[in-house]
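Here the structure comes first, spelled out in structure tokens, and everything after it is commentary.
Read-outs throughout are calculated quantities, based only on the coordinates presented, and are distinct from any laboratory measurement. It should be emphasised that the depicted structure is a prediction, and the values quoted were computed from it without experimental measurement. Every residue, glycine among them, receives a Cβ derived from its backbone with ideal geometry; neighbour counts consider all protein chains shown.
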Amino acid sequence: MTDPINIKTAKVFEAIKQRHEEKENEELTSSKQIFERDTVYEILSRNSDKTLASWIRLQQTWSHSAYNVFKDYDTYLILIFLINKMWKNYADRFMFFSMEEFYTKEEVVIEKINLIEIAGSLNIPKETIRRKISLLQDLNFIRRKGKSIYLNVKAFDKKRPTENIVLLSKFLEKNSELLSKEDWFGEKITFEDIHAFVTKYFTICWKHFYMLQIPFFVRYRKFFGDLETWNVWAAIGVAQFADLQKKLDSSLISRSEDYKDFFIKIFTHKPEHGINASSISDISTIPRATVIRKLKILEKNKLIKKDSKLEYISILKGKNANVIKEHYMTTQRSIATFVAEMFDLMKNSNLKL
């Protein structure tokens, strides 16, 4: 195996080092948040039906590819937590790698592992963490040496997030179009430039992406009990959203005013067609027998119901409605923060194409 981390191959900006010495920076970006998160949130909220569509396409594709790695969300969640810990360490040491540089390595070190830290961060029992870590070792994704873990990058070579980077770039381009209408934002950033930036500064950008995705998964895992149930529920919601989007595009109904308004529209909308278990299985890649079990749980908890055609649609009643709404609004806040952070990196940091 090669040396896990070769400092000589890391790119270090002299300007960034100088700013660090002057204590103006804590990492590879300006410590001053140039783009106000609340302002970005308000703008995106006013255009919720435009921003949410591209986000859903990205999230659905990423979630399905995540499940397909192990056919188990918990194992994947633990793995990306470990990877993100490594990328945070890179950032702290003023290091970054492009996607090509990272995936051509054989092995990288994650350093010390703390099962209690992982369990607390992911809200997964410590013994489950231990079993999943062992599984990752058996599958040769990681190996342990003392208190350190080494990631076998070669095991990921065919799992590069190429499609997800394209969808992420399209999502950010859509947000750039909206924000560029504001004088303080400046010119729109094109898809090509966003894609090139994310690819060049892969470990930095994907660190921010994981910092959005990991808490998202943890919230819904806690509410639904497991992420497979969440994925089944989400597939129904996406189908319902797609039907609503058609009505919006044809101007049959009024457009939403903000995130809260759009949330209500999605879950009070009566689609022409629901979705059946076989379609959910095809979309989510979760086995049909598992889908059927999860549907029964969701029906019992009054999160879905069958329509007159015996197809499933999403509903929200009682306390579940309030929790789902709270999670939805938290997610939109997190997305706005992520968008602002990414554009801060592209426009206001020393990271240039």
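Could you give the nm distance between label points at N89 and E36, where each point is 7 Å from its Cα heading toward the beta carbon?
Once both label points are built, they end up 3.9 nm from each other.
What list of ³J(HN,Hα) couplings, whole Hz, do you get for region 90-101 from phi and the Karplus terms 6.51, -1.76, 1.60, once you set θ to phi - 60° and write x for glycine and proline?
So the J values, rounded to whole Hz, are 4, 4, 5, 9, 6, 10, 8, 9, 6, 4, 5, 4.
Show me, for region 274-282, the HN-Hα J-couplings you get by feeding each phi into the Karplus relation (A = 6.51, B = -1.76, C = 1.60, θ = phi - 60°), rounded to Hz, glycine and proline as x.
x, 9, 9, 4, 5, 5, 4, 4, 5
Can you give me the relative contact order of the chain as a percent, contacts being Cα pairs under 8 Å and 6 or more apart? Could you put the intermediate results ahead of the total?
On the way: 424 pairs, mean separation 85.6, N = 353.
24 percent.
For labels at D138 and E272 in the simple 7 Å Cα→Cβ model, what's the distance in nm?
So the two model labels end up 4.9 nm from each other.
Could you work out the Rg to Rh ratio of region 132-178, with Rh taken as the Kirkwood radius (inverse of the mean 1/r over all Cα pairs)? Walk me through the numbers before you get to the answer.
On the way: Rg = 16.7 Å, Rh = 13.1 Å.
Reported Rg/Rh, Kirkwood definition of Rh: 1.27.
Taking H placed 1.01 Å from N in the peptide plane, check which residues at least 5 places from N152 or on another chain put their amide H under 5 Å from its amide H.
It is I142, R143, by chain and number.
Which length gain, in nm to one decimal place, applies between L353 and D183 when the Cα-Cα distance is subtracted from 0.36 nm times their residue separation?
Numbers: separation 170, 0.36 × 170 = 61.20 nm, distance 2.29 nm.
This chain segment gains 58.9 nm when fully extended.
Can you work out the Karplus-derived ³J(HN,Hα) for every residue in region 229-242? Use 6.51 cos²θ - 1.76 cosθ + 1.60 with θ = phi - 60°, whole Hz, and x for glycine or proline.
Working through the residues one at a time gives 5, 4, 5, 5, 4, 5, 4, 5, x, 5, 4, 5, 5, 4 Hz.
So if we plug the beta-carbon distance of K112 and K71 into 1/(1 + (r/R0)^6) with R0 = 41 Å, what FRET efficiency do we get, rounded to 0.05?
Details: r = 29 Å, r/R0 = 0.71.
It comes out at approximately 0.90.
Grab the eigenvalues of the alpha-carbon gyration tensor for region 223-353, scale each by 5, take roots, and send me the semi-axes largest first in whole angstrom.
Details: eigenvalues 178, 74, 48 Å².
Working from the Cα gyration tensor, I get semi-axes of 30, 19, 15 Å.
Determine the gain in length on full extension of the stretch T199-S148; use 0.36 nm per residue of separation and subtract their C-alpha separation, reporting nm with one decimal. Display every interim value, and only then the final one.
Working: separation 51, 0.36 × 51 = 18.36 nm, distance 2.78 nm.
That works out to 15.6 nm of additional length.
Sticking with the crude label model, points 7 Å out along Cα→Cβ, report the distance from T104 to F191 in nm, one decimal please.
Here the modelled spin labels are 2.7 nm apart.
Sort largest first and round to whole Å: the equivalent ellipsoid semi-axes of region 163-265, each the square root of five times a Cα gyration tensor eigenvalue. Write down the numbers at each step before the final one.
Values: eigenvalues 142, 110, 32 Å².
Equivalent-ellipsoid dimensions as semi-axes: 27, 23, 13 Å.
Identify, among S148, N84, Y103, the residue whose Cα sits farthest towards the positive end of the charge dipole of region 82-154, taking +1 on the Cβ of Lys and Arg and -1 on the Cβ of Asp and Glu, with the dipole about the Cα centre.
Positive-end residue among those listed: S148.
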